[in-house]
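The values are calculated or read from the model by the stated rules, or taken from the named source; none is laboratory data. The structure displayed is predicted, hence computed values, not measured ones. Ideal geometry is used to build each Cβ from the backbone, glycine not excepted, and the neighbour counts take in all protein chains shown.
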């Protein structure tokens, strides 16, 4: 765990302690379970985003994808009555294909990630609304999928299974990002894509793979979100989720220029964001201020982080110059 | 007025110059950084209308000196006297105000603006009225005389992006003149210029001198210093290693002062005539994106160093990019060891053992934020991994071997490459390819911005590669280097090979003639 991550963890604990003192309901099992469920859902989404951001890209369409893929998933199992494992595989595959198309447009046709995924944001939202004729996708009364519901919205030992899912995914993705050859390539491309190319890395394929990973994790979280809300109105479902994901990554120390950030960081970023949401509710802050609180905290966080870096660099200089002075005096 | 008169009177006999009060003098300047003494009791003088050549190896203290003169940093002790006024240190405004102007190695121009806008950027003449509109007519009349003084052959409304490097440098100098500079400091101005353009720049320096403006000319290209400098100041380890008067300026003296000893011998290709090896890489009527209408034929043989000379823009780098699979071939074929070769990417070239040490080290050669070990393992990462998980141990082992082999000076192989000197960075680039098995090694300006000691080492490495049977292709704009290191020289002119010189035909004149498209003698 880097110092940055440690700082973030301490911040999370301090904020948690303050909220718990002001409103002890923060520590009620029901509240903690709810919050950890949301952490699970948004965490999966944010890890996907992180893989794209590390390459210096951005994926703005994930919110709309959560709506579209969620709508399709519910439609597949509730209306078209597909077996849920089949529907699950189809949705994941669709997420992968969409990621592949984004990656292809970005690496082969050299379009800017912002532009490609902004168009995605508009297109998928529109398609989702058209698909349901602007209606709501949901389950009919009495429809039950016990296994699926247990895996997505259920709990084990009082802990939401979505949270367990996040932990498993986080461990796997940590190995991929921080230990694998692919992860090293991602960092290299994020730092300097040209130099990576001149080192013989097939940068196009690697970047495309990052968008595919993002697509798959988005699809997975779309299923989780769908099973959590159980009914989806595509006009608003998942709105701004791409910004939550980007915010979690930025809070977790990712640079939008690419090449920087850790998996632990993005998880902690998600935790902090959800803690703040919870704080707004528990402290009786008007919920209309929700976004303002988040924005303010992210801004302060990024500012402190940057100033801390400047401070440390300065202290290193002073320490080093003291050493030379002491050395000269000793002579 | 008086100054003008003075400069007119000066005829540069040594006695008359030394009688005139110096424009700038540094006395006993000392500057320390944490752990390093960058300048140690350094003194020098610059008189009006004098061209000072400032030479020294990388790390000798030149950049610190420049920072002090530019007012970016202040010395710990010592005095700086500018135009008769003594200072403890200069500020950026103070430096500019007293007429000290810089032309940096990396040009600071806005490529998307025209020449006039660049020269008076931030100081544009404005029209009367509340909207602060730029008075373009007046701007042009202000720029014209400046361009004339630097001998520009382009107009004030040319986009900077359309200018050659030498022309851009002229714009920088015009910018310096526009602030009524009395001392122009040129930091490695010729390092990226081809031979013909360098001559133009040296003429501009002579013009400045004739106008009574002092020049400090910093360069690693000693023969250019020889040509323009009135005096040479040599820095070594932050101290003044020596000063050479006009008559004593020569290559060997400068080198001796720079490194504190004579180089054993000037780097030369081994005398024994080499039996040419088999052709490793062959280009047959290859067309590059830069010159699609001009097919290139070129053979690089095993065991030779083929020098590729030519003016900047003659298509050498573009050819190297095609050989390395960065750009596609628009026509013709590449052959490796006699079999046709299709390269869709640099990864393909690397898989075939064709490696490139690119021209721009920081942009394409290495990743400055990664460690030495990570840079060296990058092209061959799967070989340093078990079940696609990177093995730090394997990486370190490979890197340690290259560090020892190449003599990379760094605390450890975990050191960030961004903190290394240019020469050591270049060795890391070489190290990552040497750790694999090169068949064809292409080096694009391998010694640009590298000090003399490291240069000699890199020449030695290239020779060792060639001796081991590797085909080495070296692109270089440094005439001494091309002639001193190559076994054969191919010269490019406007996208085509205009001729190939064998050892006995080697001469600066022949290379130049071919570079401008004429026949050698």
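Being free of Cβ contacts under 8 Å to residues at least 60 places away in the same chain and surrounded by 15 or more Cβ atoms within 10 Å (Cβ to Cβ) is the filter here; which residues of region A:124-153 pass it?
A:127, A:151
Quick check on residue B:63: is it away from chain A (no Cβ under 14 Å), at pLDDT below 85 and under 30 Å from the mean Cα position of the chain (by Cα)?
So residue B:63 passes the test.
Among the candidates A:223, A:206, A:201, which residue alone is touching a helix residue (DSSP H, G or I) at 6+ places or on another chain (Cβ under 8 Å) and away from chain B (no Cβ under 14 Å)?
A:223
Identify, from the list A:227, A:294, the residue that is more than 30 Å from residue B:368 (Cβ to Cβ) and at pLDDT below 85.
Values: A:227 fails: at pLDDT below 85.
After applying the criteria, what remains is A:294.
Filter region B:380-395 down to residues that are assigned to a helix (DSSP H, G or I) and surrounded by fewer than 21 Cβ atoms within 10 Å (Cβ to Cβ) and give me whichever is nearest to the other protein chains (Cβ to nearest Cβ).
The first filter runs over region B:380-395 and keeps only residues assigned to a helix (DSSP H, G or I), leaving B:380-384, B:392-395.
Okay, now just the ones that are also surrounded by fewer than 21 Cβ atoms within 10 Å (Cβ to Cβ), so B:380, B:382-383, B:392-394.
On the way: B:380: 8, B:382: 6, B:383: 10, B:392: 9, B:393: 13, B:394: 12 Å.
Among them, the one singled out is B:382.
Let me spell it out: the conditions are (1) at pLDDT 90 or above; (2) touching a helix residue (DSSP H, G or I) at 6+ places or on another chain (Cβ under 6 Å), and residue B:497 meets all of them except one. Which number is the exception?
Among (1) at pLDDT 90 or above; (2) touching a helix residue (DSSP H, G or I) at 6+ places or on another chain (Cβ under 6 Å), the lone unmet condition for residue B:497 is (2).
Residue by residue through region B:463-481, note down the ones that are crowded, with 23+ Cβ neighbours inside 10 Å and assigned to a helix (DSSP H, G or I).
Once the filter is applied, which keeps residues that are crowded, with 23+ Cβ neighbours inside 10 Å and assigned to a helix (DSSP H, G or I), region B:463-481 yields only B:466.
Just to verify a result, which residue in region B:310-327, among those that are in a loop (DSSP other than H, G, I, E, B) and within 14 Å of chain A (Cβ to nearest Cβ), is farthest from residue A:196 (Cα to Cα)?
Taking region B:310-327 as the starting set, the residues that turn out to be in a loop (DSSP other than H, G, I, E, B) are B:311-315, B:324-327.
Right, trim to within 14 Å of chain A (Cβ to nearest Cβ) and you get B:324-327.
Details: B:324: 14, B:325: 14, B:326: 12, B:327: 15 Å.
Checked region B:310-327; the qualifying residue farthest from residue A:196 (Cα to Cα) is B:327.
Select the helices (runs of 4 or more DSSP H) contained entirely in region B:52-158, then report the ones holding at least 2 residues which are in the same structural domain as residue B:234 (by TED's automatic domain parsing).
Qualifying helices (runs of 4 or more DSSP H): B:62-70, B:92-97.
Tell me the helices (runs of 4 or more DSSP H) entirely within region A:1-118 that contain at least 1 residues that are without any contact (Cβ under 8 Å) to a residue 60 or more places away in the chain and within 30 Å of residue A:149 (Cβ to Cβ).
A:29-54, A:62-74, A:84-107
What number of residues in region A:248-282 are over 16 Å from residue A:8 (Cα atoms) and in contact with a helix residue (DSSP H, G or I) (Cβ under 6 Å, 6 or more places away or on another chain)?
Here the count works out to 6.
Return the total of residues in region A:125-144 being out of contact with any helix residue (DSSP H, G or I) (no Cβ under 8 Å at 6 or more places or on another chain) and either in a helix (DSSP H, G or I) or at pLDDT 90 or above (or both).
First pass over region A:125-144, keeping only residues out of contact with any helix residue (DSSP H, G or I) (no Cβ under 8 Å at 6 or more places or on another chain): A:126, A:129-130, A:133-136, A:141-142, A:144.
Filter once more, keeping what is either in a helix (DSSP H, G or I) or at pLDDT 90 or above (or both): A:126, A:129-130.
The number of residues fulfilling the criteria is 3.
Hey, can you tell me all the residues within region B:482-506 that are part of a loop (DSSP other than H, G, I, E, B) and under 24 Å from residue B:450 (Cα atoms)? Full working, then the answer.
Of region B:482-506, the ones part of a loop (DSSP other than H, G, I, E, B) are B:486-487, B:494-495, B:506.
Selection gives B:486, B:487.
Only one of (1) within 14 Å of another protein chain (Cβ to nearest Cβ); (2) under 20 Å from the mean Cα position of the chain (by Cα); (3) crowded, with 17+ Cβ neighbours inside 10 Å; (4) outside any helix (DSSP H, G or I) fails for residue A:186. Which number is that?
Every condition holds for residue A:186 apart from (4).
Take residue B:460 and tell me if it is within 21 Å of the chain's Cα centre (by Cα) and either touching a residue at least 60 places away in the same chain (Cβ under 8 Å) or closer than 30 Å to residue B:334 by Cα (or both). Write out each step before concluding.
Values: within 21 Å of the chain's Cα centre (by Cα): yes; either touching a residue at least 60 places away in the same chain (Cβ under 8 Å) or closer than 30 Å to residue B:334 by Cα (or both): yes.
Criteria met by residue B:460.
For region B:400-414, enumerate the residues that are over 19 Å from residue B:465 (Cβ atoms), at pLDDT 90 or above and surrounded by 15 or more Cβ atoms within 10 Å (Cβ to Cβ).
B:400, B:413
Is one or more of the residues making up region A:234-255 modelled with pLDDT under 90 and within 14 Å of chain B (Cβ to nearest Cβ)?
The answer is yes, given that some residue of region A:234-255 is modelled with pLDDT under 90 and within 14 Å of chain B (Cβ to nearest Cβ).
What is the residue count in region B:350-369 for residues that are more than 7 Å from chain A (Cβ to nearest Cβ) and either closer than 12 Å to residue B:425 by Cα or in contact with a strand residue (DSSP E or B) (Cβ under 7 Å, 6 or more places away or on another chain) (or both)? Write out each step before concluding.
Our first condition is that a residue be more than 7 Å from chain A (Cβ to nearest Cβ); within region B:350-369, this holds for B:351-355, B:357, B:359-362, B:368.
Okay, now just the ones that are also either closer than 12 Å to residue B:425 by Cα or in contact with a strand residue (DSSP E or B) (Cβ under 7 Å, 6 or more places away or on another chain) (or both), so B:352-355, B:357, B:359-362, B:368.
Qualifying residue count, region B:350-369: 10.
In the list A:172, A:216, which residue meets the criterion of being more than 12 Å from chain B (Cβ to nearest Cβ) and out of contact with any helix residue (DSSP H, G or I) (no Cβ under 8 Å at 6 or more places or on another chain)?
It is A:172.
Here are the criteria: (1) within 26 Å of residue B:280 (Cα to Cα); (2) in contact (Cβ under 8 Å) with a residue 40 or more places away in the chain; (3) not in a loop (DSSP other than H, G, I, E, B). Tell me which single one residue B:418 does not satisfy.
Just one mismatch for residue B:418, condition (1).
For the list (1) assigned by TED's automatic domain parsing to the domain that holds residue B:284; (2) modelled with pLDDT under 85; (3) on the phi < 0 side of the Ramachandran plot; (4) out of contact with any strand residue (DSSP E or B) (no Cβ under 8 Å at 6 or more places or on another chain), I need the number of the one condition that residue B:449 fails.
(3)
For (1) at pLDDT below 85; (2) in contact with a strand residue (DSSP E or B) (Cβ under 6 Å, 6 or more places away or on another chain); (3) closer than 22 Å to residue B:478 by Cα, each residue gets a yes or a no:
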{"site": "B:271", "(1), (2), (3)": "yes, no, yes"}
{"site": "B:286", "(1), (2), (3)": "no, yes, no"}
{"site": "B:300", "(1), (2), (3)": "no, yes, yes"}
{"site": "B:305", "(1), (2), (3)": "no, yes, yes"}
